[in-house]
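Structure first, then comments.
The values are calculated or read from the model by the stated rules, or taken from the named source; none is laboratory data. Not measured: the values here are computed from a predicted model. Glycine gets a Cβ as well: all are built from the backbone with ideal geometry, and neighbour counts include every protein chain shown. These accessible areas exclude ligands, DNA and RNA; they are computed on the full protein's heavy atoms, side chains included. Shrake-Rupley method; radii C 1.70, N 1.55, O 1.52, S 1.80 Å.
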Amino acid sequence: MKTESEALTTQNHPPKNPTPGFNSKMIPTQDKSGAEAGEGVVNLRRSNRTLAPAGPAKNRECMILDEASFRSMIALERKRTERSRKPVLLMLLDAGNFLPFDRSGRVLSTLLSALSLSTRDTDVTGWYKNNSVVGVMFTEITMDDHGAILGTMMDRVSQTLRNNLSMNKFSQISISLHVFPEDWDHETSPGNPALYPDLVHRDQKQKSALAIKRLMDIVGSLAAVVLFAPLFLLVAVLVKLGSKGPVLYKQERLGQFGNPFSFLKFRSMYANNDPKIHREFMKRVISGDHDGETEGEKKKVYKMTNDPRITRVGRFLRRTSLDELPQLFNVLTGEMSLVGPRPPLAYECQEYEIWHRRRVLEVKPGMTGLWQVKGRSRVRFDDMVRLDLQYVRTWSLWLDIQILLKTPLAVLLGGDAF
């Protein structure tokens, strides 16, 4: 029996035909009478903050959703959690490759029997991966002692399976538990792909369009590097003459699913500066406490306009967005795209509301996007996130082309860059 407390790495496979011998929609669970059967499982009860031991098993039918329906349900429960702030727990039982050969349905029935004793009527059971991985969404749970509760649930479900399966079959099953929302309180907090099977499926459906987008990124960034080579050299000289320090500034940013990467810019600040002033400012911007009123600006601005860390040359580079040119190499390596949400700093993500995180999780970051061509620093943080999510919802190659065509004008006007 293999158990995992960390993220389960999954691959989305095309649905297989239902396993012969059972109904893939509704399967009766096995009857386990006596106290012994009840001792090995847990019951998540809505009224309590902790897990309570379940009583003896009772006959009941367990609905199991098909893969597409369960995938949609996971996405729906994530959105509910964004509003309610009540966590959901995804339990995955990976039966390996032997379920398709279980023609009697006995193994699957045993799996569902173990799960039924741990679930409430409001929890959702379905195929995470057809005929291979069964999942359960435990909704609206409150967990004070996170680690202890997850460990207890893992132990009791595995005990039920051990009592009802042969050692050979039992050893092929692995259980993993995944909690949403993830803990983003650390400097680097990658998202858990197991909680986002709908995004994996979406990307597979758009595989051809995404391949063209990647080709556009490679060709576009290569062409821009060649075209702007003299400008690269000129900016490098200006940075070097303007202040002491390296020409390029490397900063850790978060890409899709919160995976960190080295973000490149021409250095626009004095070397060895303290990021505390920016960190405190962004905390107020993200929480909505910054009203946008800035001395010397007639319109509201949601970015630092008088950052003492910025050099004289750096102010010019930022106004013209020339400091962003080295990110063309991030695009070439695949860490970024030409179009997408701007990649955040780790300490910014720690201040995010749960729904803000979708701008990081759902798409690869980019050099330009809807935010850049629709106001930039004049847009409130929540509205910037809404623009990023609008881009995700309505994405197409034509939308990328439109944004790319509008970006030069936004850069030339330069009034909203600081």
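Points to keep in mind about this one:
- Checked against (1) over 28 Å from THR110 (Cβ atoms); (2) out of contact with any helix residue (DSSP H, G or I) (no Cβ under 8 Å at 6 or more places or on another chain); (3) free of Cβ contacts under 8 Å to residues at least 12 places away in the same chain; (4) not hydrophobic (A, V, I, L, M, F, W, C), ASP203 meets all criteria but (2).
- Options GLU324, GLU348, GLU335: the member that is open to solvent by less than 30 Å² (accessible area, probe 1.4 Å), touching a residue at least 24 places away in the same chain (Cβ under 8 Å) and among the acidic types (Asp, Glu): GLU348
- Residue check: GLY296 meets all listed conditions (1) surrounded by fewer than 18 Cβ atoms within 10 Å (Cβ to Cβ); (2) modelled with pLDDT of 90 or more but one, namely (2).
- Odd one out for ASP203 among (1) within 26 Å of VAL363 (Cβ to Cβ); (2) of a type outside the set (A, V, I, L, M, F, W, C); (3) at pLDDT 95 or above: (3)
- Number of residues in segment 221-259 that are outside any helix (DSSP H, G or I) and buried (at least 17 other Cβ atoms within 10 Å of the Cβ) equals 4.
- Residue check, MET216 open to solvent by 30 Å² or more (accessible area, probe 1.4 Å) and farther than 16 Å from GLN256 by Cβ: yes
- Just one of the numbered conditions (1) part of a loop (DSSP other than H, G, I, E, B); (2) on the phi < 0 side of the Ramachandran plot; (3) open to solvent by 60 Å² or more (accessible area, probe 1.4 Å) is not true of ASN272: (2).
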